[in-house]
Amino acid sequence: MAIKEILQSYNKTKITIATICSHTSLQIFHGAKKEGFRTLGIAIEKTPKFYSAFPNAMPNEFFIIKDYKEILKVAKELQKKNVIIIPHGSFVEYLGGENLLKMDLPTFGNRNVIPWEVNRKKQREWLLSAGLDMPKEFSSPKEINCPVMVKFHGAKGGKGYFIAKNYDEFLEVNPKEIYTIQEYITGTRYYINFFYSPIKNSGYKLSKGSLELLSIDRRDEANIDEVYKLGSKEELKKLGILPSFVVTGNVSVVLRESLLPKAFEMAENVVEKSLELCGGIIGPFCLETVVTDELKFKVFEISARIVAGTNPFIFGSPYSDLIEEKLSTGRRIAKEIKLARKLGRLVEIIS
Ligand code: AMP
């Protein structure tokens, strides 16, 4: 059944906000409950015990499945509960973009963005055509003539990524998986968390709807963040330690205020381009950037959904507090669903 029809069959006064119990789920449930929604946590094999430690973020109901793919089979059962799914980073990673496209459940955001996000080539095409400055890419390791970051397609969270300064250093690892070679940008990292609403008509307006900056974070990455304490690269090599970029947590940061107009301009262009390419990047998204010592942004990636970097801001951020106090991204999503329901425009934010 088409998502529109499923949505039409729903009792709109009994909408249940659901997601997989992981990633940003505490924040999503907390925000949804604050906005008066029922919540449902989808968990694998058993009820996760640690939720009982956080009563304000505990979903009203747990729904246990055997593995992530089973969610496709239980869609009918969840439809009966008027479920709207909030897809977070782990949701997409575990279920897979293709399966998410097939899921017969009303899902917050625009699923047509997924192919533009998961395919690195298409993502680059999108961001470059939106006028963003991105790190240079090398089509062959033999072309490496500056420090580069070698990234793997499947690898999430930076696992296995490595830095090489020339071809010989590349050969020391010589990966067998599919990789992308990207210029290593020196500077300071900022992960800028935006929210695009196609139905809100106040604030920072776009050709349709409006754009909000909800927070900025930086990732803690093991072991690169601390490994310097053990000595030089040569010493580390002797110890058999290679730098790695595995995300272990997130911290709150703010940008120099003079960089904010540029950050908004980049996000605005990304949204406008997405409206053209696939109907819009609806809801939360994150621009992953490095700011150089010339105060220029380089964008190395975009995430087209709620990212774990929004977790430090369950009770608001220095930016979201200037929109509304204690506004987390999870709560912002719930507010968007509430507004769309009131305006009879749910179909515009659900796919
Ligand atoms: P990604 O999977 O693209 O989010 O990258 C994982 C991590 O690698 C980032 O959080 C950064 O710390 C680092 N990184 C990725 N691309 C670059 C780049 N082009 N220059 C410098 N650091 C990068």
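Quick one: is Leu211 more than 15 Å from the chain's Cα centre (by Cα), at pLDDT 95 or above and either within 21 Å of Ala130 (Cα to Cα) or not in a helix (DSSP H, G or I) (or both)?
Criteria met by Leu211.
State the number of residues belonging to segment 116-151 that are part of a helix (DSSP H, G or I) and without any contact (Cβ under 8 Å) to a residue 60 or more places away in the chain.
9
Residues in segment 146-173 that are more than 15 Å from the ligand (Cβ to nearest atom) and over 21 Å from Val246 (Cβ atoms): how many?
4
Taking the condition farther than 23 Å from Thr39 by Cβ and at pLDDT 95 or above, does Lys262 pass?
Yes, satisfied.
Would a scan of segment 276-286 turn up a residue that is under 25 Å from Ile86 (Cα atoms), surrounded by fewer than 16 Cβ atoms within 10 Å (Cβ to Cβ) and away from the ligand (no atom under 16 Å from the Cβ)?
yes
Going through segment 289-304 one residue at a time, which ones are polar (S, T, N, Q) and either near the ligand (Cβ under 9 Å from one of its atoms) or more than 15 Å from Ala267 (Cα to Cα) (or both)?
Of everything in segment 289-304, those that are polar (S, T, N, Q) and either near the ligand (Cβ under 9 Å from one of its atoms) or more than 15 Å from Ala267 (Cα to Cα) (or both) turn out to be Thr292, Ser303.
Quick check, is Glu336 over 22 Å from His23 (Cα atoms) and crowded, with 16+ Cβ neighbours inside 10 Å?
no
I'm told Glu221 meets every condition in (1) outside any strand (DSSP E or B); (2) within 10 Å of the ligand (Cβ to nearest atom); (3) in contact (Cβ under 8 Å) with a residue 12 or more places away in the chain except one. Can you identify the failing condition by its number?
(1)
Say we look at segment 308-333 and pick out the residues that are under 13 Å from the mean Cα position of the chain (by Cα) and not hydroxyl-bearing (Ser, Thr, Tyr); which of these is surrounded by the most Cβ atoms within 10 Å (Cβ to Cβ)?
This residue is Gly330.
Check Ser207, Ser202, Ser197, Ser232 and return the single one that is surrounded by fewer than 17 Cβ atoms within 10 Å (Cβ to Cβ) and touching a strand residue (DSSP E or B) at 6+ places or on another chain (Cβ under 7 Å).
Ser202
Do the conditions hold for Asn99, that is, is it crowded, with 16+ Cβ neighbours inside 10 Å and in contact with a helix residue (DSSP H, G or I) (Cβ under 7 Å, 6 or more places away or on another chain)?
no
For the condition without any contact (Cβ under 8 Å) to a residue 24 or more places away in the chain and closer than 15 Å to Ile337 by Cβ, what is the one hit in Thr19, Thr47, Thr39?
Thr39
Restricting the search to segment 75-88, which residues are surrounded by 16 or more Cβ atoms within 10 Å (Cβ to Cβ) and either without any contact (Cβ under 8 Å) to a residue 60 or more places away in the chain or touching a Gly at 6+ places or on another chain (Cβ under 9 Å) (or both)?
Ala75, Ile86, Pro87
Testing Ala43 on (1) in a helix (DSSP H, G or I); (2) modelled with pLDDT of 95 or more, one condition comes back false. Which one is that?
So Ala43 meets the others, but not (1).
In segment 52-70, what residues are in contact with a strand residue (DSSP E or B) (Cβ under 7 Å, 6 or more places away or on another chain) and at pLDDT 95 or above?
Selection gives Pro59, Asn60, Glu61, Phe62, Phe63, Ile64, Ile65.
Of the residues that sit in segment 113-137 and are within 15 Å of the chain's Cα centre (by Cα) and either more than 18 Å from Thr19 (Cβ to Cβ) or within 14 Å of the ligand (Cβ to nearest atom) (or both), which one is surrounded by the most Cβ atoms within 10 Å (Cβ to Cβ)?
Among those that are within 15 Å of the chain's Cα centre (by Cα) and either more than 18 Å from Thr19 (Cβ to Cβ) or within 14 Å of the ligand (Cβ to nearest atom) (or both), it is Glu117.
I'm told Arg305 meets every condition in (1) of a type in the set (D, E, K, R); (2) surrounded by fewer than 16 Cβ atoms within 10 Å (Cβ to Cβ); (3) in contact with a Pro (Cβ under 9 Å, 6 or more places away or on another chain) except one. Can you identify the failing condition by its number?
Condition not satisfied by Arg305: (2).
The values are calculated or read from the model by the stated rules, or taken from the named source; none is laboratory data. Because the structure is predicted, anything quoted here is derived from the model rather than measured. Cβ atoms come from the backbone with ideal geometry, glycine included; neighbour counts cover every protein chain shown.
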